[in-house]
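The values are calculated or read from the model by the stated rules, or taken from the named source; none is laboratory data. These figures come from a predicted structure and were not determined experimentally. A quick note on method: Cβ atoms are made from the backbone with ideal geometry, for glycine too, and the neighbour counts reach across all protein chains shown. Note: accessible area is taken over every heavy atom of the protein model, side chains too, but ligands, DNA and RNA are not part of it. Shrake-Rupley method; radii C 1.70, N 1.55, O 1.52, S 1.80 Å.
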Amino acid sequence: MSKEQTFIASIDQGTTSTRFFIYDKSARIIGSHHVEFTQFYPEAGWVEHDPMEILESVRSCMTKALDKATADGYNVDSGLKAIGLTNQRETVVVWSKSTGSPLYNAIVWMDVRTSSICRKLEKELPGGRTHFVESCGLPLSTYFSAVKLLWLMENKEEVRAAIKKGDALFGTIDTWLIWNLTGGVNGGIHVTDVSNASRTMLMNLQTLDWDKATLKTLGIPAEILPKIVSNAEVIGKIAKGWPLFGVPIAGCLGDQHAAMVGQACRRGEAKCTYGTGAFILLNTGTAPVKSTHGLLTTLAFKLGPKAQTNYALEGSIAIAGAAVQWLRDSLGIISSASEIESLASKVDCTGGVYFVPAFNGLFAPWWRDDARGICIGITRFTSKSHIARAVLESMCFQVKDVLDSMHKDAGEKGEVKNEKEEFLLRVDGGATVNNLLMQIQADLLGSSVVRPADIETTALGAAYAAGIAVGVWKEEELFASGQIIKTASIFSPKSSVEWRKKKVDSWCKAVERTFGLADLEM
């Protein structure tokens, strides 16, 4: 006998994999599937994905998650009310409106091929690196979508020709997926949401629309850009030829914004998602807060066309879990990511080793695209356990750097503290299953780290947004629940202030040694 219920699903399209989750009304997962896809590295510092492979990974995940839920007796076909989507941000695709084919591979957020474009613009624009900060909250950087689009326009004849003919469509991965899911060449809907749009450098943070002055300055035609919508509204329905035909797509957020919703971060509360990179966002409420300490001013979420807009301060770290993958795939020090905890636990310190994973430069708060990775302090005493622990510490040091900047920008009034006067950091993402990592993080911060029972808060946030749009949940109920703290694992600091200060001083010395290394001879 099938179980008749209400369901919400979410597509979680990340930097290395796609996942699909089906939730019941209590936000319990009743079916899921996961598919990894290929990352391409055509040249040093270049990172690409095949947009068609990403599309196929979504199809596969939807089919297999649905099969699993059905096999367990859930009638998802009749009970599924909506689908939410969350995606890797800043990654860009340009494709043909008439054929639906990508005109080049997707250029991934961490790709640094656009450094020369950034330097050129810095010299030409009167405001230099901060020329667009007033409108979009972002500095000129290889990180953001606009400069990736400029590279495609300057270097790919197929892109230039398609734009000239009026046949080109531009989008981040959410736009690419929604266009295809809602029909593609047969009436696909060309949209993006406010959170993904806020990461392009092209959206005005106040108007929540494409900034005409920026488009004119950069020479980007408005016709190729998608319409901007809120994070929680019915966008369109799944087209024929896809699993779950006719189900509305009703939620869309960039992955870090989705995690904020999944963690129910209210004004003054912050979360850190540990994935390929690490991303710390502090909800600053209904007004943007300008950073003077190397952070980004961005949109947090807008859960409905008429809902209030929440803004955030963000610190983005390019390499976090990717450093663990590097230990596994490039050096062979571990055979699986999960092994790093036991290997690092064999020693109680790094033995003076510091690892700075500036593989493609450093993001917040340093913003140095001339930095390259280093491992220093190595002696004959150094073992692979010391290096493994130094890699874990590098993730935590980078998070501390960002949080220190956040505390300075937001000030006492911009943060919520508990009864012990602690600012709690909410954490999520796959790497947070590593208890040693979480304890190191608490020790380096000198304050507690809160890990929710469900660490997949990115997918959950997309489901919540879709559910809010179709009336399954109410925004105020989700943000008032407080369940996250009640069901969390809390890691409290065990370190001394003196130990923490010495470690941070040494880390800062190591970071400074990464600067200016991008031009070393190959």
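Let's see if you can work this out: charge +1 on each Lys and Arg Cβ, -1 on each Asp and Glu Cβ, no other charges. What is the dipole magnitude of the chain about its Cα centre, in debye to the nearest 20?
380
Please state the relative contact order of the range 89-229 as a whole percent: Cα pairs under 8 Å, 6+ residues apart?
Across the range 89-229, relative contact order equals 27 percent.
For every other residue with a beta carbon closer than 14 angstrom to the beta carbon of Tyr41, add +1 if it is Lys or Arg and -1 if Asp or Glu, then tell me the sum.
-4
Kindly write out, for the range 62-74 in residue order, the coupling ³J(HN,Hα) from the Karplus curve 6.51 cos²θ - 1.76 cosθ + 1.60 (θ = phi - 60°), rounded to whole Hz, with x marking Gly and Pro.
Here the 3J(HN,Hα) series is 4, 4, 6, 5, 5, 4, 5, 5, 5, 4, 8, x, 8 Hz.
Can you work out ³J(HN,Hα) from phi for every residue in the range 246-262, in order, using Karplus 6.51 cos²θ - 1.76 cosθ + 1.60 and θ = phi - 60°, giving whole Hz and x for Gly and Pro?
Per residue, the Karplus-derived 3J(HN,Hα) values read x, 6, x, 8, 10, x, 8, 8, x, 4, 6, 6, 4, 5, 4, 5, x Hz.
In square angstrom, what is the accessible area per residue of the range 1-148 with a 1.4 angstrom probe?
Normalised by residue count, the accessible surface of the range 1-148 is 38 Å².
At a 10 angstrom cut-off on C-beta neighbours, averaged per residue, how do the peptides 138-144, 78-84 rank from highest to lowest? Can you show the working numbers first?
Numbers: 138-144: 24.6, 78-84: 21.9.
Taking the mean over residues of other Cβ atoms within 10 Å, the ranking is 138-144, 78-84.
Would you mind checking Lys25/Lys408; Lys216/Lys302; Lys346/Lys494; Lys156/Lys216; Lys68/Lys97 for any pair whose Cα atoms are more than 29 angstrom apart?
On the way: Lys25/Lys408 40 Å; Lys216/Lys302 27 Å; Lys346/Lys494 18 Å; Lys156/Lys216 21 Å; Lys68/Lys97 35 Å.
Beyond 29 Å: Lys25/Lys408; Lys68/Lys97.
Restricting to the range 1-160, compute how many DSSP beta bridges are antiparallel as a %, nearest 5.
70
Could you tell me the relative contact order of the chain? Use alpha-carbon pairs under 8 Å, at least six residues apart, and round to a whole percent.
After rounding, I find 14 percent.
Could you list which residues have their amide H under 5 Å from that of Ala300, counting only those 5 or more apart in sequence or on another chain, with H placed in the peptide plane?
Asn310, Tyr311, Ala312
Under the classification rounded if a/c is under 1.5, otherwise prolate if a/b is larger than b/c and oblate if not, where does the range 89-229 fall, given a ≥ b ≥ c as square roots of the Cα gyration tensor eigenvalues? The partial results should precede the final answer.
Working: a/c = 1.86, a/b = 1.42, b/c = 1.31.
Prolate shape, in that a/c is at least 1.5 and a/b is the bigger ratio.
Considering only Phe20, Ala323, Val247, whose Cα is most displaced toward the positive end of the charge dipole of the chain, charges sitting on Cβ of Lys, Arg (+1) and Asp, Glu (-1)?
Comparing the listed Cα positions along the dipole, Ala323 ranks first.
Restrict the search to the range 343-400; then list the trypsin sites (Lys or Arg not before Pro) that DSSP places in a loop and that have at most 15 other Cβ atoms within 10 Å of their Cβ.
Values: sites: Lys346, Arg368, Arg372, Arg380, Lys384, Arg389, Lys400; in loops: Lys346, Arg372, Arg380.
Listed in order of number, the matching sites are Lys346, Arg380.
State the label only: which of (i) 1.04; (ii) 1.01; (iii) 0.95 corresponds to Rg/Rh (Cα atoms, Kirkwood Rh) computed from the shown model?
Matching entry in (i) 1.04; (ii) 1.01; (iii) 0.95: (iii).
In straight Cα distance, which aspartates and glutamates are under 20 Å from Lys227, not counting same-chain residues fewer than 8 positions off?
Cross-link targets: Glu90, Asp167, Asp174, Asp193, Asp209, Asp211, Asp255.
Heavy atoms only, probe 1.4 Å: what % of the accessible area of the chain goes to carbon and sulfur, would you let me know?
51
Give me the dipole magnitude in Debye, nearest 20, for the range 89-229 about the Cα centre, with unit charges on the beta carbon: positive for Lys and Arg, negative for Asp and Glu.
The calculated dipole for the range 89-229 is roughly 260 debye.
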